[in-house]
């Protein structure tokens, strides 16, 4: 376990070195947040929806703040697989799956935490109608945080599966394009899932993508009661376990048919 | 039973090739990287592993270090099968791939070394002692806090080597460790490997194209070609068959006349120097020297042995590699 924690820690430290990228990311996400909110304000002005505008605004800010968790971004790892640098990782007395899982999780966690904190402060200071609302209650905040952690574990497992496929196709661009499209759409980043038709939402919220940010945000805004909260957290945990299991199997199969690229 | 036992090892890769430019179809071609390779290595040996590009050297190393799984054949290293007992096996081995890096690019190398400490679960004190020992031997001390990306190639290779030896492996695989190193770094690397082998009894298997590395380090050499073993023994034995020519450079004082030399010699002139290349088979050195003394008054003379790279090239050619 210590080795996985250690790679997690090192990755955290590394992320902290890219402060310029962090600033750029924050500016970009703030910009997108403001544009989206302006859009929804116009929409609501002409045709009010069942869902209050305040919760849509809060939804948008939380989505933007944790955007870094959504996209797959460990290019270095992808390159390692493509060029054969993975050979070194195979010479370590660790499980490759766990090793990469820790690495991806660390990257997603620091990347988004470093951006989220300043962004949420900024979003809270905005005038009314543009600002992020505080959590519905203290339990809602706690449940949201717990659910966000599960979401991180779940999306890391999902990304590790696409890494596993990269080992077969050797070109990550196709997989990544598809994954990122599904991800941004079905996790509610492009359009809040709460604005999808109810019948669609029933299906979409069951998918693993919705476990990442949609579930924690709904818990944060108090949209789920206690019963629904337990069910959604159970669903998240279920997906996480299933995806970890699938990923482990995929990586195990990869081991036996491995070719190391580039001599 | 030897420390390393390799028996009838076979590995095939499937290579996909485009049929023609812009064709959508690809042909699959099977490339036999290893065709029934067998050998033994004893504990504490320092063995050189050579062969032309594509001979299967790296494939062997990757199988022996548990990265690749062969089609058939067996490998036992200290009783372990590398690919089956990978996690247990890799605890005892160190690997350096000269053309890749195991250290993290953007962080000081000491951070990468700390990560390795945790990965191999080394006790802090043992790790510290070993790190001091290695940084002393490799003169890395002043570089520990420098990020890897700021190191020169030679410094990086030393850091890589240090990283591969932190967990005190009993077996070390080196896949072209001297690629791109300057002479000083190369000599330092050789010295260090000798020290590690002598002091700690580490078994070393060295793959390289640098024949001077082999000549300086390895009492035993294995030659691989087309996935099979072609030679296994002392380097001098290997070379004696191909060590067939000499070059002599002579400078005469005053006039000289080369007409008395045997016919069929490759004679060239460079300023005052006369350079004669001759084959030992057709012309023993004493005979040539005697003729040269008759040709004029010799002021200076050197005899050069054949370049080791040329010998190896001759050997590869003869073995049709």
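All of the numbers you see were taken from the coordinates with simple rules; none came from a lab. Since this is a predicted model, take the numbers as computed values, not measurements. Every residue, glycine among them, receives a Cβ derived from its backbone with ideal geometry; neighbour counts consider all protein chains shown.
In segment B:1-148 the Cα-Cα distances spread across 5 Å bins starting at 0 as 2, 7, 12, 16, 15, 13, 13, 10, 7, 3, 2, 1 percent of all pairs. Convex hull volume of the Cα atoms of segment A:94-239, normalised per residue: 134 Å³. Size of segment A:9-126: Rg and Dmax of its alpha carbons, in Å, are 18.6, 62. Once Rg and the Kirkwood radius are both taken over the C-alpha atoms of segment B:241-311, their ratio Rg/Rh works out to 0.96.
With both labels modelled 7 Å from their Cα along Cα-to-Cβ, the residue B:313 to residue A:54 distance reads 8.3 nm. Its DSSP H runs of at least 4 residues, each contributing -39,500 (n - 2.57), put the calculated 222 nm mean residue ellipticity of chain B at -10000 deg cm²/dmol, to the nearest 500.
Per residue, the Cα convex hull of the protein assembly as shown amounts to 224 Å³.
For residue B:2 and residue B:258, the difference between the fully extended length at 0.36 nm per residue and the C-alpha to C-alpha distance is 86.4 nm.
Per the Debye calculation on chain B with a single equal scatterer at every Cα and no solvent contribution, log₁₀ I(q)/I(0) for q = 0.08, 0.14 Å⁻¹ amounts to -0.51, -1.09.
Spacing of the modelled spin labels on residue B:320 and residue B:32, each 7 Å from Cα toward Cβ, amounts to 1.4 nm. Take the Kirkwood radius over Cα pairs of segment B:107-227, plug it into Stokes-Einstein at 25 °C and 0.890 mPa s, and you get 162 µm²/s for translational diffusion.
Stokes-Einstein at 25 °C, 0.890 mPa s, Kirkwood radius from Cα pairs: D for segment A:213-252 in µm² s⁻¹? Here the translational diffusion coefficient equals 219 µm²/s. Between residue B:14 and residue B:53, the FRET efficiency from the beta-carbon distance, with R0 = 22 Å, is close to 0.65. Taking label positions 7 Å along the Cα-Cβ direction at both residue B:126 and residue A:169, the computed distance is 4.4 nm, reported to one decimal. Mean sequence separation of contacting Cα pairs (under 8 Å, at least six apart), scaled by the length of chain B, corresponds to a relative contact order of 19 percent.
Multiplying the residue separation of residue A:226 and residue A:124 by 0.36 nm and subtracting their alpha-carbon distance yields 34.1 nm.
On the basis of the beta-carbon distance and an R0 of 60 Å, residue B:232 and residue A:237 show a calculated FRET efficiency of 0.55.
When the helices of chain A are scored as -39500 (n - 2.57) per DSSP H run of n ≥ 4 and the total is divided over every residue, the value at 222 nm lands at -25000 deg cm²/dmol.
The C-alpha atoms of chain A define a longest principal axis, and helix A:172-186 lies at about 20 degrees to it.
Under Stokes-Einstein, with the Kirkwood radius over Cα pairs as Rh, the value for segment A:91-179 at 20 °C and 1.002 mPa s is 136 µm²/s.
Relative contact order, whole percent, for segment A:2-256 stands at 26, derived from Cα pairs under 8 Å and 6 or more residues apart. Full extension of the chain between residue B:301 and residue B:220 gives 25.8 nm of extra length, using 0.36 nm per residue less the Cα-Cα distance.
Just so you know, the Cα atoms of segment A:2-256 work out to an Rg and Dmax of 18.7, 62 Å. Axis angle, to the nearest 10 degrees, between helix A:2-15 and the longest C-alpha principal axis of chain A: 60 degrees. Taking Cα atoms only, the orientation of helix B:183-200 departs from the longest principal axis of chain B by about 60 degrees.
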